[in-house]
Amino acid sequence: MSTPKFRVAICGGGVGGLTLAVALSRYPDIVVDVYEAAQSFYEVGAGIGIWPRTFKVLRKLGHDIEQQLLQRCGYQFTEEYVPGIKHRKSDQAVGIQLFELITKGNQMRFHRADFHGVLLSHLPPSCTTHNTKRLKAYIQPFRHRSRNSSITLIFTDGSTATCDVLIGADGIKSAVRSCMMRELAECMDPDGKQSVLSCINPVWSGVTAYRTLIPAEKLRARCPDHRVFGGEITQYLGKDAFFLAYTVSLGKYINIAGFTLQPDLVDTVYEADARIPRRPFEGKANSEWVGELTAKQFVEPFKGFEEEARLLLECVDRGTLWAAHTVKPLPSTNFGRVALLGDAAHAMLPFQGAGAGMSIEDAYLLATVLGHKATTLDTVPRALAIYDKLRRPFSSDVALRSRFNGQLCAFQTNVPLHELGKTITKNWEWAWLTELDDALKEAIKLVENSSININ
């Protein structure tokens, strides 16, 4: 192989990091190292949902990847209008059907480990993976004579490595973001410095999530004709609390995901003023964000819900509590030859199922600007600035839309019930009516014409 034009280090082997590694494999002159903090890349945890906009991006990675993903999904992708999520007003003795979300194209749902497995199987020889490597900090040279010198990576085990370009795909507690915000702060006046430094740590959003799986047979014994057995996703809505339910594992289990929203905290979660204090999460999970719940604790926020919802909750044996944290809007997702993607850049609330999709889109556009033949080591900072210009405003908008969805479902807005369906659909339709292609074309134009000001 000829001498590579530069070496890219990706810190984080999750959905976004692996998508970037696969997307960069189209460019043989780029060498990639992926550093993952965990012992395995086969991540455990909740499944991921991919809306049509993002699935079209995954298709660009190649027919083989698309087919393997479809095999693991178990159903075909369509771009026809299909019924989606039913929404019921359930915080009363007799619930009422409010509306059914109709989407142009279906949401593709995957087990997270399956999704990772497909991406891992398509990593090229030019990509090296490293496990149990958690980044502690990096050092980026800036003096004129050394500005193209290697970036040094420092890991928590005491080891070091070098790269030419560093991409932080290391999640909501990103070490790359922490270092980058400190670099940015050095260029700010005192007030600006405080605001930038306040972006380092995630903040509790005021949302608490309740997750569990129940055996389908347990519910079937109580209510054999329950709506959930029809393969539908139903959201049971109430004031300040709601949950959704649907079958998984070919109908063997029922997944329940519930949420409570503290209105004052949710409404101000993206305030960037560091002088405004926010309550930290306090409760079962304490500072660890995650905790175990008894059945009684799990169902408490949803007491008084309609019988259809109560039948599901009565099957709960135990559950898990998650304190949903977010990242404040960043002043930039790039600095020098370092950039952020996914949750490291814009961790958002889960109410549009968009987090994984945003990281995939980040990764593909980032690979497009880095891999372009016009991008050299000298022009990497401009390429990363183009990425920031095109992705940061969009992902920030999606974060706001996701929050609004949650507020709508928790009846925390002034939208009347008869307009709820239209409002939620309009707020969400970016996920199936828009595409990344326009941003990709703009990115290529800006890379190829260096005379265009991107500030």
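Between the range 339-399 and the range 81-114, the C-alpha centres lie 29 angstrom from each other.
With only the Cα atoms considered, the range 4-104 has a convex hull volume of 159 Å³ per residue. Ligands, DNA and RNA are left out, and with a 1.4 angstrom probe the accessible area of the chain is 44 Å² per residue. Taking the alpha carbon gyration tensor of the chain, multiplying each eigenvalue by 5 and rooting it gives semi-axes of 39, 24, 21 Å, largest first.
Label positions at Ser149 and Asp267, each projected 7 Å from the Cα along the C-beta direction, are separated by 5.2 nm. Mean separation of Cα pairs under 8 Å and 6 or more residues apart, divided by the residue count, gives the chain a relative contact order of 20 percent.
The helix-based estimate of mean residue ellipticity at 222 nm for the chain, built from -39,500 (n - 2.57) per DSSP H run of four or more residues and divided by its residue count, is -10000 deg cm²/dmol to the nearest 500. Around the Cα centre of the chain, unit charges on the Cβ atoms of Lys, Arg, Asp and Glu (plus for the first two, minus for the last two) sum to a dipole of about 480 debye.
Of the solvent-accessible surface of the chain, computed with a 1.4 Å probe and all protein chains present, 51% belongs to carbon and sulfur. For the range 97-168, the Kirkwood estimate of the hydrodynamic radius, built from every pair of different alpha carbons, is 16.6 Å.
Using Cα atoms only, what is the angle between the long axis of helix 15-24 and the major principal axis of the chain, expressed in degrees (0 to 90) to the nearest 10? Roughly 40 degrees between the two axes.
Straight-line cross-link partners of Lys173 among the aspartates and glutamates, defined as a Cα under 14 Å from its Cα and at least 8 positions apart when in the same chain: Glu36, Glu288, Asp343. Using the Cβ-Cβ distance between Thr379 and Asp157 with R0 set to 35 Å, the FRET efficiency works out to roughly 0.55.
Overall, the ratio between the Cα radius of gyration of the range 162-295 and 2.2 N^0.38 Å, rounded to two decimals, is 1.47.
Computed from the C-beta positions of Glu307 and Arg279 and an R0 of 41 Å, the FRET efficiency is 0.70 to the nearest 0.05.
Pairwise Cα separations in the range 55-95 fall into 10 Å bins from 0 onward with the following percentages, short to long: 22, 34, 19, 17, 9, 0.
Ordering Ala93, Pro190, Gly117 by Cα displacement along the dipole of the chain toward the positive end leaves Pro190 in first place; charges were set at the Cβ atoms of Lys, Arg (+1) and Asp, Glu (-1). When only Cα pairs below 8 angstrom with a gap of at least 6 residues are kept, the range 189-343 shows a relative contact order of 34 percent.
Taking each of Lys5/Lys441; Lys136/Lys193; Lys104/Lys303; Lys328/Lys373; Lys252/Lys328; Lys193/Lys239 in turn, the alpha-carbon distance tops 31 angstrom for Lys104/Lys303; Lys328/Lys373; Lys252/Lys328; Lys193/Lys239. Other residues with beta-carbon under 14 Å from the beta-carbon of Leu417 carry, at +1 per Lys or Arg and -1 per Asp or Glu, a net charge of +2. Taking a point 7 Å from the Cα of Lys426 along the Cα-to-Cβ direction, the residues of the range 100-130 with backbone N closer than 20 Å to it are 100-104. Using the Cα gyration tensor of the range 216-322, with a ≥ b ≥ c the square roots of its eigenvalues, what is the shape: rounded (a/c below 1.5), prolate (a/b larger than b/c) or oblate (neither)? Prolate is the answer for the range 216-322, as a/c is 1.5 or above and a/b outweighs b/c.
The stretch between Asn455 and Arg134 holds 112.2 nm of extra length on full extension. This uses 0.36 nm per residue minus the Cα-Cα distance. In a simple Cβ point-charge model (Lys, Arg +1; Asp, Glu -1; nothing else charged), the range 99-194 has a dipole of about 140 debye relative to its Cα centre. As a ratio to 2.2 N^0.38 Å, the alpha-carbon radius of gyration for the range 362-455 is 1.44. Scaled to the globular estimate 2.2 N^0.38 Å, the Cα spread of the range 297-455, given as radius of gyration, is 1.34. Max-minus-min Cα coordinates of the range 117-157 on each principal axis give 42, 24, 12 Å, with the largest extent listed first.
The values are calculated or read from the model by the stated rules, or taken from the named source; none is laboratory data. The model shown is predicted, which means the values in this text are computed figures rather than measured ones. Using ideal geometry, Cβ is built from the backbone for each residue, glycine included, and neighbour counts are taken over all protein chains shown. For accessibility, only protein heavy atoms count, side chains too; no ligands or nucleic acids. Shrake-Rupley method; radii C 1.70, N 1.55, O 1.52, S 1.80 Å.
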